[in-house]
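Each reported figure results from applying straightforward, stated rules to the coordinates on display, with no laboratory input. Predicted, not measured: the structure shown is a model, and the values here were computed from it. All Cβ positions, even for glycine, are placed from backbone atoms using ideal geometry, and neighbour counts span all protein chains on display.
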Amino acid sequence: MFSFFKKKSPSTPPEVPAAPASSASGGGLIGSALVTPIAIPVTGTVVPERQRWFSKLQAGLRKTGVTISTVFTGSRIDDVLYEDLETALLMADTGVKATEHLLRDVKRRVKDGGMTHPVAVKNALVDAITELLKPLEKPLVIGQHQPTVIMVTGVNGAGKTTSIGKLTSHLANEGASVLLAAADTFRAAAREQLSVWADRNTVEIVSQQGGDPAAVSFDAVTAGKARGKDVVLVDTAGRLPTQLHLMEELRKIKRVVQKAEATAPHEVLLVIDGNTGQNALAQVKAFDAALQLTGLIVTKLDGTAKGGVLAAIALWARERTQTFPDLRPVPVYFIGVGEKLEDLETFNAREFAQALLA
């Protein structure tokens, strides 16, 4: 699918048409999201690589899926079923507000559809989750700016640098010129870790031993412009949103990057660990308040992750856009289910809903 990636002149950016509706089995591989600047049509056929990845996602969320599915093993739809469903959703890290929203939606669908069997309620839940998550489904577009500057942040241990390495590999393998900025000068060995990815993918890297993160970022964006790079990926230091002085450093990096390129950063991505439950929502809120996020990468959905927090994030995003119409939902560009290169994939709402319910 990376064959759709091609370099465009930033002086005449083409119009981006509306993305077509995706199907449960459709959706491209990771390359389909990293294109410029058109949406990739969904063929409706099952891509073998995608099917293998979907099986891994199902396996990662199996514990949650089994727990929720047991709710629908009875013979009738009653208050006990809905109470059990409420408990199962809460245990899946969906959160109180998102759980209440999904229950109301499911009950409406059951009533409108005249459903009489619990299995139909499960199908209604898949549809309700899909509808809630759908606004988070959006491709990452590059090529409208040269270079496209992507600033990546997240707490320590979320998989930020590894995710950057995977994105770099996919881009570089398909001919996109990438420059890495090792602006994580706070964590020991972070620069070395990113250098390994740069060497592996044969891409350039800008780094300084003990340098100022903002200065490294400025130098990288300046170098990316001078060298005609397609993408500049800025790796920032992991930090907790409660570390106010470090969060201010992130704001500084963003301001300095804008001095190097007025329209940059074009993407501000937050990497969140799928195992952190409702704390992931707190991270999204805090980093968005500080940086105005444009996208998310959710990692480690192959471990003990319960997955329901995406519903909570989606509901927060919906309420935010209702309160502030000028804002748009913060999309989930990618989700990860393992350490291998192919374990990072584009997000598909229905696919995720089906995996979540086994």
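Evaluating kT/(6 pi eta Rh) at 4 °C and 1.567 mPa s, with the Kirkwood radius of the range 87-244 over Cα pairs in the Stokes-Einstein relation, gives 70 µm² s⁻¹.
The residue list 271, 246, 282 was ranked by how far each Cα lies along the charge dipole of the range 216-282 toward its positive end, using unit charges on Cβ atoms, and 246 comes out on top. All Cα-Cα distances of the range 239-358, cut into 5 Å bins from zero to the largest, leave 2, 10, 19, 21, 19, 16, 8, 3, 1, 0 percent in each bin in turn. What the phi angles of the range 290-299 give under the Karplus curve with 6.51, -1.76 and 1.60, with θ = phi - 60°, is a coupling list of 7, 10, 6, 4, 10, x, 10, 10, 9, 10 Hz, glycine and proline written as x. Per residue of the range 266-276, what does 6.51 cos²θ - 1.76 cosθ + 1.60 with θ = phi - 60° give for ³J(HN,Hα)? Whole Hz please, x for Gly and Pro, Karplus curve as stated. Computed from phi, the couplings for the range 266-276 are 7, 9, 10, 9, 10, 9, 10, 7, x, 8, 8 Hz.
For the range 80-165, the residue among 90, 144, 119 whose Cα projects farthest onto the positive side of the dipole built from Cβ charges is 144. On full extension, the segment bounded by residue 245 and residue 80 gains 54.5 nm, given 0.36 nm per residue less the C-alpha separation. Using θ = phi - 60° in the Karplus curve 6.51 cos²θ - 1.76 cosθ + 1.60, the 3J(HN,Hα) couplings for the range 55-66 round to 5, 5, 5, 4, 5, x, 9, 4, 4, 5, x, 5 Hz; x is entered for Gly and Pro. Taking amide hydrogens as placed 1.01 Å from N in the peptide plane, the amide H of residue 211 sits under 5 Å from that of no residue at least 5 positions away in sequence or on another chain.
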